[in-house]
Amino acid sequence: MTAVDFLNLLIAAVLLAGIYAVMSVGMTVIYGVMKIVNLAHAGFMMLGAYFAYELFERFHVDPLIGATLALPAFFLFGMAVHWLLIRRLPKSDQPTLSSLLLMFAFWLVLQNVGYLFWGNMDRSIFTPRTLKVLTLGPISISLLRLIVFFAAVLCVCALQLALSRSWYGRAMRALIQNPYAAQITGVDDERIARITFGLGTAFAGFAGALLAMLYSFSPDFGRPFLIRAFVIIVLGGLESVSGVAFGALVLALVETFSILYVPAGYQPAISFGLLVVVLLVFPRGIGGLLERKWRPA
Amino acid sequence: MKRFVGNFQPLFAAGILLVVLLLPLLGLTPNVIRILFITFVWITASLAWNLLGGVAGQVSFGFAVFYGLGAYAAALMINAGVNPALSFVGSAAVAALASFLIGIPTFRLRGPYFAIATIGVSEAVRVVMNNISAVGGAGGLRVTERGIFRQTEHYYAGLAIAVLAVCVSLLVERSKFGLALRAIRQDEDAAADVGINPFRCKLWIHAIAAALTGVAGGVFADYAAYIHPQGVFAFSTSVTILLMPVIGGIGTIWGAVLGAAVVTIVEEQLVAVFPQVHLLLYGLLLMLIVLLEPDGLVGLLRRILRRMHVDPSSRGPDKALWGRGRLEGREL
């Protein structure tokens with residue numbers, strides 16, 4: 001394998017990592033604050049993809065703008081879903097079976113809504129930008145992937161800033177660290193939970209819209225990404241955005257470089273194989289290892 | 001004052017068994033027999049899942065992997081000339097072996113992490129089976145037929161495995177092992193503190209559940225005569241297997257059986273008319289169950305019986321809480 005090939009693959013992996021990060025960060029945030037494993041994340045990503053698709057097909061809105069519009073739209077949608085369904089779940093410190101099943105059921109409903117409106121044919125968004133390639137010497141980068149990468153990174157950095165600077169961000173982090181103490185200091189856990197769920201959904205929709213530019217999609221879109229998001233979360237630990245970024249990078253690298261050794265048909269199974277290997281070696285995920293280093297106790 | 005009606009459940013069950021045994025002799029249409037057969041297969045899978053998910057509390061979203069492995073194992077063995085009954089045993093063995101391979105890494109995870117990991121397993125195996133042309137790949141595998149298709153043969157095979165699953169569930173429920181599993185479901189760490197080895201118990205119940213599901217898959221393969229990865233390893237198969245006990249009443253035997261019956265009838269009748277709406281129905285039903293009646297249909301029936309001032313417990317007032325699965329507030 002030549003240096004140029006290696007560099008090409010490396011760049012492809014990094015670009016992929018950006019997308020994977022923005023896809024997983026929504027699930028992470030919801031889990032951290034509410035201890036709910038959001039299986040409907042896949043459904044929200046699917047709706048995000050169709051959102052961008054409809055805007056593109058009907059109003060000729062550039063999908064990037066469509067993705068940006070998805071953020072507030074899905075934020076509101078997420079808050080509505082929380083108000084309607086999620087807040088009725090029994091609260092707990094640990095993830096409960098009821099929340100898992102409820103989110104799963106909601107995912108089924110979203111899938112069916114997808115089938116009802118758009119049928120089960122694959123759709124895709126095709127713009128003149130889709131095929132453009134940037135060439136820097138021997139290295140070629142798909143322009144679309146580069147743009148999507150920057151959009152993703154921007155989003156994730158914005159989230160990190162919001163978490164560290166804004167009042168809501170601090171309230172969220174307080175709830176993640178210790179929900180009881182947070183409530184004692186005056187954090188309204190239900191309101192923050194609603195905002196968090198909205199935020200997580202917004203990111204899911206945004207990620208879905210971005211992915212719609214890269215891949216074709218159908219209402220079943222989302223399941224392989226859900227598994228990947230989960231692998232990333234296990235890899236990176238559930239508590240931080242930087243953990244997610246790390247996990248996303250590892251998964252993207254493994255997936256991209258595995259093309260050299262594994263036949264293409266087995267590709268979807270790679271992420272799971274990685275998960276098993278990581279679980280056998282680090283039962284608490286790599287994030288757990290890092291956590292022990294940072295915290296003195 | 002509640003009336004205790006005595007333990008009507010064994011009599012009721014025996015009555016149903018008798019009826020079901022004699023049904024083919026009543027001259028029902030082949031379609032009805034077919035639906036009943038499918039119900040038996042699903043009852044088996046449902047009871048199997050209930051052992052792991054309801055009694056032991058480990059929710060798996062990937063049981064299709066055992067169903068599919070059982071189906072393929074039986075198909076390959078029948079094609080090689082092995083007696084079908086023996087090949088079903090082979091299905092059970094293959095599925096149980098797979099359950100150990102799957103369980104050893106994934107049982108380190110708790111609750112929802114385990115659940116999602118099982119999705120990954122099932123999907124990975126489906127992808128792999130899609131690519132192995134030796135077993136047919138994406139094109140599937142045909143089972144060579146042995147003479148004329150005798151529907152009643154398959155009917156009784158299905159009934160046999162359903163009865164087997166009920167017996168295994170009863171045995172587990174009344175054994176010390178079942179008690180250990182319940183303890184693990186309620187609080188794994190506390191169970192470990194009292195001397196139970198959760199890892200080993202989980203592996204064993206996983207194997208039992210996988211074996212039963214594998215046999216169900218094998219019996220189905222023999223009947224269907226053609227299987228393919230998109231069908232037996234599909235995520236929707238895992239979903240169906242999961243939904244049946246949850247809708248019926250997670251943790252209870254009646255619930256698993258009732259749920260399987262309801263889901264099969266809904267699927268058979270509805271899918272023909274509205275092809276895609278069953279996802280919506282399942283989703284809505286599941287949401288209603290989680291939010292309103294976590295004990296499923298059985299829980300609903302219990303509530304109704306209680307309203308009519310009949311004591312629904314099977315063993316008398318002091319043991320009213322025994323053997324009930326609880327969904328709400330259960331921490332994984």
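Quick note: the coordinates plus some simple rules give every number you see, no bench work behind them. What you are looking at is a predicted structure, and each value in this text was computed from that prediction instead of being measured. Note that each Cβ is placed from the backbone with ideal geometry, even for glycine, and that neighbours are counted across all protein chains shown.
Contact order, relative form, for segment B:247-312: 40 percent (alpha carbon pairs under 8 Å, 6 or more residues apart, mean separation divided by residue count).
In chain B, the calculated helix contribution to ellipticity at 222 nm averages -23000 deg cm²/dmol per residue, counting -39,500 (n - 2.57) for every DSSP H run with n ≥ 4. Extents of chain B, taken as max minus min of Cα coordinates on every principal axis and listed largest first, are 62, 50, 37 Å.
Summed over qualifying helices (DSSP H, 4 residues or more, each -39500 (n - 2.57)) and divided by its residue number, chain A shows a 222 nm mean residue ellipticity of -24500 deg cm²/dmol. Each Lys or Arg adds one and each Asp or Glu takes one away; over the other residues whose Cβ falls under 11 Å from the Cβ of residue A:56, this sums to -1. Whole-Hz Karplus values for segment A:124-134 come out as 8, 10, 10, 10, x, 6, 4, 9, 6, 10, 8 Hz, taken residue by residue from phi with 6.51 cos²θ - 1.76 cosθ + 1.60 and θ = phi - 60°; glycine and proline positions read x.
Looking at the calculated P(r) for segment A:3-219, what percent of the C-alpha pair distances fall above 28 Å?
Tail of the P(r) past 28 Å holds 34 percent of the pairs.
Placing unit charges on the Cβ atoms of the charged side chains and taking the dipole of the protein assembly as shown about its Cα centre, the candidate lying farthest along the positive direction among B:217, B:281, A:51 is B:281.
For the protein assembly as shown, a crude dipole built from +1 on the beta carbon of Lys and Arg and -1 on the beta carbon of Asp and Glu, taken about the Cα centre, is about 1040 debye to the nearest 20. Across segment A:3-219, Cα pairs under 8 Å and at least six residues apart give a relative contact order of 45 percent. Please give the FRET efficiency for residue A:170 paired with residue B:17, using the beta carbon to beta carbon distance and R0 = 60 Å, rounded to the nearest 0.05. Calculated transfer efficiency: 0.45.
Residues whose amide H falls under 5 Å from that of residue A:89, counting only those 5 or more places apart or on a different chain, are absent, with hydrogens built in the peptide plane. Each residue in A:206, A:225 was given a count of other beta-carbon atoms within 10 angstrom of its own, and listing them fewest first yields A:225, A:206. Full extension of the chain between residue A:143 and residue A:76 gives 21.0 nm of extra length, using 0.36 nm per residue less the Cα-Cα distance. 3J(HN,Hα) along segment A:165-180: 9, 7, 4, 4, x, 5, 4, 4, 5, 4, 5, 5, 6, 7, x, 6 Hz, from the Karplus curve 6.51 cos²θ - 1.76 cosθ + 1.60 with θ = phi - 60°, whole Hz, x for Gly and Pro. Cα-based values for the protein assembly as shown, radius of gyration first and Dmax second, are 25.2, 88 Å.
For B:133, A:216, which order do you get if you count the other beta carbons within 10 Å of each Cβ and list the fewest first?
B:133, A:216
Phi angles across segment A:244-251 convert, under the Karplus curve 6.51 cos²θ - 1.76 cosθ + 1.60 with θ = phi - 60°, into 3J(HN,Hα) values of 4, 4, 4, x, 4, 5, 4, 4 Hz, Gly and Pro given as x. Within the shell defined by Cβ-Cβ distances under 14 Å, the residues around residue B:121 carry a net charge of +2, with Lys and Arg each +1 and Asp and Glu each -1.
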